[in-house]
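A quick write-up on the structure given underneath.
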Amino acid sequence: MALKFLNTLSRSVEEFVPLDPTSNVVKMYCCGPTVYDFGHIGNFRTFVFADLVRRYLQFRGYEVTHVMNITDVEDKIIRRVRETGLGLREYVSQFENAFLDDLKTLGCVLPHHLPRATEFIPEMIQLIDALMKRGIAYQAADGSIYFSIEKYQGCGCRYGQLVKLNFDEMRAGERVASDEYSKDALADFALWKARVPDDGDVFWASPWGEGRPGWHIECSAMSMKLLGPSFDLHLGGEDLAFPHHEDEIAQSEGATGKPFVKYWLHGAHLLVEGKKMSKSLGNFFKLRDLTGKGYGGREIRYLLISAHYRETFNFTLDGLDGARVALGRLDECLGKLQELAGATKAAPDSRLLNDFTAALDDDLNVASAWGTVFEWVRETNRLLAANQLSATQAASALAAWEQLDAVLGLGRKGEVEAPPEVQALLEERQAARKAKDFKRSDAVRDELKLKGWLIEDTAKGPRLKRA
Ligand code: AMP
Ligand code: ZN
């Protein structure tokens, strides 16, 4: 069976054929975080979805180059920099580091490239320059550069490839300066924003005067620099389809005259307890809020990949408890298989692999893939209980699981690394022991237990394992 994805460009499920059909090379770009704060569980639904796509393409034999940008200059960031009085890099680096730690907690494979927008300003200027030379961009009275939708369409290009737009309401030359805007504000958008006093120290020189890039041009410049003018896959959350992705297409195709991306995949949003996350409703969770409550990255990852990426997902703490139970069942079965297999090695059980592949080939149908996995767990438990499995069959089942897990990224129980705040507690306990402050070291041990972690003192030193 062929791998298929729902391509937002055609709004239909299409067979996945790389841009160069004679090769197995796939170039993919996923819009990364805007590092103005810690990532929330909704953001991570999208990033784990990108990780699943990458892992599955690799499982299907593709050689993937995965790029995820770090947006380190944008309207919201500038506002926070102004409010805190910190330097731009000083402000964003705390959240950039936290983001990378969080990806690790969730078992995501690091993208091959994590470009920072501020390190690609010359490429952005070049791209804007190309649009100016083609007459698609123009300078407004305040010195900012805008993208002209009218001129772009006049060159035979199409604006509105990802979403339906109402051009009747559009007035030529009407402009929008902010990075985020709604579909109703169909208007020329900013490529380069002229420096204003509120920008503080955040500005760069350009042929059009001092200023800073618009958010959309950042992704066009970084993706094309690292992956070329045309590439295979572009991913992001559904909220980015307009204006961000539509504008990325317009800027890129307007500058190069070549098709920008072959397949666009958009992940649906995550709700918490049935509602849009918001701080005022008290249903807003950063990843760290959840690990602080004792949930492991493995449980959170499992829950995030339990639903199809195009379905709105309702995240609940009960759901996380359910994830813990489901993983417990899986771990118990894997543990028994390991006991039986011992050091025996065998080729992977192809039936499990084939069913799993058929499910994920169908636009990443994870519900069906999990159905296959848990049916296999049930059947394996039955055979184990009836003493009907040989060591070779157990080894074959484990070998198949290893291949599946290269996609699922869950690892085995105990293999998962503790999140940074739990590691920090372990270090604190070691320091307390060294200082012979046993009251403190016991208190830290109890705190770790509350968070769901046990300390195992081994010959190689202390080790953390899930309680
Ligand atoms: P941002 O850091 O705001 O630029 O967002 C990073 C990514 O998270 C983007 O791909 C967004 O589409 C995605 N995102 C934001 N909120 C949610 C949500 N509630 N559910 C799923 N994805 C989200
Ligand atoms: Zn982007």
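The values are calculated or read from the model by the stated rules, or taken from the named source; none is laboratory data. This one's a predicted model, so the numbers in the text were calculated from it and none came from an experiment. Glycine also receives a Cβ, built like all others from the backbone with ideal geometry; neighbour counts cover every protein chain displayed.
Hey, any hits in the stretch 132-145 for a residue that's in the same structural domain as CYS31 (by TED's automatic domain parsing), over 30 Å from LEU410 (Cα atoms) and within 31 Å of the chain's Cα centre (by Cα)? Yes, the stretch 132-145 has at least one match. Of the residues making up the stretch 64-88, those that are under 19 Å from the mean Cα position of the chain (by Cα) and away from ligand 2 (no atom under 16 Å from the Cβ) are VAL64, THR65. Entry remark, the stretch 311-339: residues being among the aliphatic types (A, V, I, L, M) and out of contact with any Asp or Glu (no Cβ under 7 Å at 6 or more places or on another chain) number 6 in total. Tallying residues that are more than 17 Å from the chain's Cα centre (by Cα) and surrounded by fewer than 24 Cβ atoms within 10 Å (Cβ to Cβ) within the stretch 233-246 yields 2.
For the stretch 237-281, filtering for residues that are away from ligand 2 (no atom under 16 Å from the Cβ) and under 28 Å from LEU100 (Cβ atoms) leaves 9.
Annotation: CYS30 fulfils all but one of (1) more than 27 Å from ASN97 (Cα to Cα); (2) touching a residue at least 40 places away in the same chain (Cβ under 8 Å); (3) among the hydrophobic types (A, V, I, L, M, F, W, C); the unmet one is (1). Listed by position, the strands (runs of 3 or more DSSP E) enclosed by the stretch 203-277 that each have at least 1 residues that are away from ligand 1 (no atom under 14 Å from the Cβ) and within 30 Å of GLY143 (Cα to Cα) are 211-213.
Looking only at the stretch 9-42, residues that are over 19 Å from ASP363 (Cα atoms) and within 16 Å of ligand 1 (Cβ to nearest atom) come to 12 in all. Exactly one residue out of ARG45, ARG54 is among the basic types (Lys, Arg) and either near ligand 1 (Cβ under 8 Å from one of its atoms) or more than 20 Å from GLU238 (Cα to Cα) (or both): that is ARG45.
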